[in-house]
Amino acid sequence: MTDAIRAEGLVKQFKGKRALDGVDLTARTGTVLGVLGPNGSGKTTTVRILATLLRPDAGHAEVGGFDVVREPHQVRRLIGLTGQYAAVDNELTGTQNLVMIARLLGMGRAESRARTTELLERFGLTDAADRPVKTYSGGMRRRLDLAASLVGRPSLLYLDEPTTGLDPHSRNGLWGVVRGLVDDGVTVLLTTQYLEEADQLADDLVVLDHGRVISRGTPEELKSRAGDQVLELRTADPGQLHLAGKIVEAVTGSPVEVAPGDLAVAVPVADAGVLPEVVRRLDDQGLAVGELSLRRPSLDEVFLALTGRAAEEHTENEEARA
Amino acid sequence: MSTATTEGAGARTRAQVPERITPLTTIGNGLQLARRSVLKIKANPAEVLGLVLQPFMFVVLFVFVFGEAMMGDWRAYRDFLMPGVIAQSVVFATLGTGFSLSEDVEKGVFDRFRSLPIARSAPLIGAILGDLVRYAITVVMVLLVGLLIGFRPEGGAVGVIGAGLLVLVFAFALCWMSAFVGMIARTPMSVQAFGMILMFPLTFASSAFVSPDDMPGWLRAVAANNPVTHLVDSMRALMLGGDAASPVAWTLVWAAVITAVFFPLAVWAYRRRT
Ligand SMILES: Nc1ncnc2c1ncn2[C@@H]1O[C@H](COP(=O)(O)OP(=O)(O)O)[C@@H](O)[C@H]1O
Ligand SMILES: [Mg+2]
């Protein structure tokens, strides 16, 4: 299998500040590469370089076998880009937005219409086709933006945080669309701040932090490195948390630190089987439990596990979900 | 055309998209994007209304508030004022070019365009062509307001059309300056602010509203050499009769100079920003 994207040693500075500091990544043709990282880690900069919008200061990248710096036009013939913010014209209707792109791509009038109708239908926008985009909801706007990037049937699609700010329903819908595209043979590069999203969609993952790749592998490999699940414990009396922490540490074998003022401890665990043991020992000590749960690790916790420190500019945490 | 032979991605190259950009595709892309600007004008009636309302206010207020005081007869001032207000409206309208370019950059619309296999200059060309339509609408609107209050230029249709074309040529030059400002400004709002600071003196310290002869010495010197004065004097001569040759020549020279300076600057800033 060939690689649709191959980037080596990408470096990009903005006014002396390193946004990218030697990023290597590859996306296999027909798969989804997830780029996971907190705000400011360099996701958008990476996408912009691979989309020929930005020249790297060092390193090089090939997309579909074409060099992004020397052969940008050839690269642009292959790619579709959906940026972090919807880049559609609010004053125009959904139809007008898509027809314009189709015409720019050299389609005739009738073909442009047909392609537009097809895409609007696929994205559930037929009813809103002739309304100005400014009347659309956030989710509809994102879908139209995605449709716009698909007008030319790209074989490679870049999605920069496609679901940030979407409600869970719209998010699920978008995931479905991405899966459908992959079934059609499209290679997808997707950036996200959500571990769950990466887990759901990506075949391979690259974790960025401060413009560096700090980890790579399949979502499974990554999670096993970070602990499959997180055990979270809250004692009824916060004063007893320290003692409870010692018990959790003894059972899981993971170091637990309790700072004054902490209300809960959270530890990565590889095996859910430790839960009953923790409960039993707490009981033995006569400690009243406020809350005890197992959940998927948040991005922060993955970062903590991978880097030994928390993601610095973290936004909302992934909500706990069983 | 064999398209599926692309090495690497096993990629299906977009069938319609030419292998390389020719001048013809550049023109085609530019026209498509000009169409976008025109659609946006049509879709935004409030803006069209603004294009009408502002000149309407200017004409009516200036003519009836200042007319008698200026010339003892509001009709005489109306005829003096009309070319000036047309010029002023169009000069202000050129601000829109920089504003909308800046907005497109900020919203990521230019990123979308640049990720497409189209001519790199097409979005800029499209914006400017589309804006010429907007300026033409502005000219017609102000003229209509004038006709409504009895403006009947002696130069007739030929004179009016000549004046209209001249102001469009001047606007075409000035919109490169606006585009330059739009591409270096951080936000659309700062384009607006900067533009206002520039446009008010440019239009008021000219012959648009008052003859420079009636201004204090230093201001007279400024106004006499203001390109807008040449423009307004030309339009007056064309619309109302008089010797147009010299001011028209000056206006064209100014348009050429402004274009020569700001076209390269705008293109440079555009390339840097996009
Ligand atoms: N145009 C720019 N000018 C200056 N700094 C920038 C620019 N674009 C990005 N940066 C900086 O580069 C770093 C990486 O940004 P970005 O790639 O946008 O991260 P992400 O998309 O992961 O949030 C950030 O520190 C950001 O402030
Ligand atoms: Mg980003």
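The values are calculated or read from the model by the stated rules, or taken from the named source; none is laboratory data. In this text, all values refer to a predicted model and were calculated from it rather than measured experimentally. Every residue, glycine as well, gets a Cβ built from its backbone with ideal geometry; the counts of neighbours run over all protein chains shown. Surface areas here come from the heavy atoms of the whole protein model, side chains and all, with no ligands, DNA or RNA. Shrake-Rupley method; radii C 1.70, N 1.55, O 1.52, S 1.80 Å.
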Seminar exercise, completed: Relative to chain B, whose Cα atoms define the longest principal axis, helix B:45-61 and its Cα axis are tilted in degrees, nearest 10, by 20
For this session: Let me know the shape class of the range B:126-219, please: from the alpha-carbon gyration tensor, a ≥ b ≥ c as square roots of the eigenvalues, rounded when a/c is under 1.5, otherwise prolate if a/b is greater than b/c, or oblate.
Result: oblate
Exercise. With axes computed from alpha carbons, what is the tilt in degrees of helix B:188-204 against the longest principal axis of chain B, rounded to the nearest 10 within 0 to 90?
Worked result: 30
For this session: Quick one: angle between helix B:245-273 and the longest Cα principal axis of chain B, in degrees between 0 and 90, rounded to 10, please.
Result: 30
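Over the range A:3-222, give the accessible area per residue in Å² for a 1.4 Å probe, as an integer.
36
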Seminar exercise, completed: In short, the range B:15-58 residues buried by 40 Å² or more of accessible area relative to the isolated chain (1.4 Å probe) are B:GLN16, B:GLU19, B:GLN32, B:ARG36, B:LEU39, B:LYS40, B:ALA43
For this session: Please report how far the C-alpha centroid of the range A:63-124 lies from that of the range B:144-177, rounded to the nearest whole angstrom.
Result: 39
Problem set entry | Listed residue (A:TYR136, B:TYR135, A:ALA86) projecting farthest to the positive dipole end of the protein assembly as shown, Cβ model | B:TYR135
Problem set entry | Residue (of A:LEU104, A:PHE14, A:HIS60) at the positive-pole extreme of chain A, dipole from beta-carbon charges | A:LEU104
Exercise. Rounded if a/c is under 1.5, else prolate if a/b is larger than b/c, else oblate: which is the range A:119-204, with a ≥ b ≥ c the root eigenvalues of its Cα gyration tensor?
Worked result: oblate
Exercise. Is the shape of the protein assembly as shown best called rounded, prolate or oblate, per the rule: a/c under 1.5 gives rounded, else a/b larger than b/c gives prolate, else oblate, with a ≥ b ≥ c the square roots of the Cα gyration tensor eigenvalues?
Worked result: prolate
Exercise. DSSP beta bridges in the range A:3-222, what fraction antiparallel, as a percent rounded to 5?
Worked result: 55
Exercise. Gaussian network model of chain A, Cα springs within a sub-10 Å range: biggest mean-square fluctuation belongs to which of A:GLY106, A:GLY211, A:GLY40?
Worked result: A:GLY106
Seminar exercise, completed: The correct ranking of B:TRP218, B:TRP250, B:TRP176 by accessible area at 1.4 Å, largest first, is B:TRP218, B:TRP250, B:TRP176
Exercise. So what is the calculated 222 nm ellipticity per residue for chain B, using -39500 (n - 2.57) for each DSSP H run with n of 4 or more, over all residues, to the nearest 500 deg cm²/dmol?
Worked result: -25500 deg cm²/dmol
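For chain A, count the residues as N, evaluate 2.2 N^0.38 Å, and divide the Cα radius of gyration by that value, please.
For chain A, the normalised Cα radius of gyration is 1.16.
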For this session: Determine the shielding of peptide A:72-85 by partner chains: average, over its residues, the number of Cβ atoms on other chains within 10 angstrom of each Cβ.
Result: 6
For this session: Might you tell me the accessible area per residue for the range B:62-185, computed with a 1.4 Å probe and given in Å²?
Result: 33
For this session: Place a +1 charge on the Cβ of each Lys and Arg in the protein assembly as shown and a -1 charge on the Cβ of each Asp and Glu, then give the dipole magnitude about the Cα centre in debye, rounded to the nearest 20.
Result: 2080
Exercise. Can you give the accessible area buried between chains B and A, summed over both chains, with a 1.4 Å probe, in Å² to the nearest 100?
Worked result: 3600
Exercise. If packing is taken as the mean number of other Cβ atoms within 10 Å per residue, what is the order of B:40-51, B:221-232, highest first?
Worked result: B:221-232, B:40-51
Seminar exercise, completed: Rounded to the nearest 500, the 222 nm mean residue ellipticity computed for chain A from DSSP H runs (n ≥ 4, each -39500 (n - 2.57)) alone is -10500 deg cm²/dmol
For this session: Search the structure for amide H atoms under 5 Å from the amide H of A:ASP209, placed 1.01 Å from N in the peptide plane, and list their residues when 5 or more places away or on another chain.
Result: A:ILE214
Seminar exercise, completed: Under a 1.4 Å probe, counting only protein heavy atoms, B:PHE204 has an accessible area in Å², nearest 10, of 80
For this session: Calculate one ³J(HN,Hα) per residue across the range A:247-261 by plugging θ = phi - 60° into the Karplus curve 6.51 cos²θ - 1.76 cosθ + 1.60, and present them in order as whole Hz with x for glycine and proline.
Result: 5, 4, 4, 5, 6, 8, x, 8, x, 10, 10, 10, 8, x, x
